[in-house]
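First the structure, in the form of structure tokens, and then the observations on it.
Any read-out appearing in this document is the output of simple, stated calculations on the displayed coordinates, not a laboratory observation. Here the structure is a predicted model, which is why all the values come from computation and not from measurement. Neighbour counts run over all protein chains shown; Cβ positions are idealised from the backbone, glycine included.
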Amino acid sequence: MALASERDVQRVTGFQVGAVSVLGFRRDDVSPYVDRRVLESERVVISSGSPEAGLSLSPDDLLQALEGPQVEDLSEGG
């Protein structure tokens, strides 16, 4: 797994880098992933689709909204 280039992010999602909304972007061929360490947080802030605003929610609410994402160790040092 690798990070997508800025060009690919915009082409595939329609969002600019830094504003990809995991709740607003859905495609059958692109699975959502959540780093396991996110689940250790009391609250998480995700993009709202705009670089100026975010959405704060609990990790459980995030998992429910994403409808069963892949939960894996994705961060360095994780």
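For this structure, a couple of remarks:
- Sum of -39500 (n - 2.57) over DSSP H runs of 4+, divided by residues of the chain (222 nm, nearest 500): -5500 deg cm²/dmol
- Backbone amide hydrogens, once placed in the peptide plane, bring GLY49 within less than 5 Å of SER21, excluding anything fewer than 5 places away on its chain.
- Net charge, VAL44 excluded, C-beta distance under 15 Å - Lys, Arg +1, Asp, Glu -1: -2
- Value of relative contact order over the chain, rounded to a whole percent, pairs C-alpha under 8 Å and six or more apart: 30 percent
- Charge dipole (debye, nearest 20) of the chain; +1 at Cβ of Lys and Arg, -1 at Cβ of Asp and Glu: 260 debye
- Ranked SER75, SER21, criterion: other C-beta atoms within 10 Å, fewest first: SER75, SER21
- 10 Å Cβ shell holding at most 14 others, DSSP loop, trypsin sites (Lys or Arg not before Pro): longest site-free stretch of the chain: 44-78
- Cα gyration tensor shape of the range 6-72, rounded if a/c is under 1.5, else prolate or oblate by comparing a/b with b/c: oblate
- Summarising the strand pairing of the chain, around 60 percent of its internal DSSP beta bridges are antiparallel.
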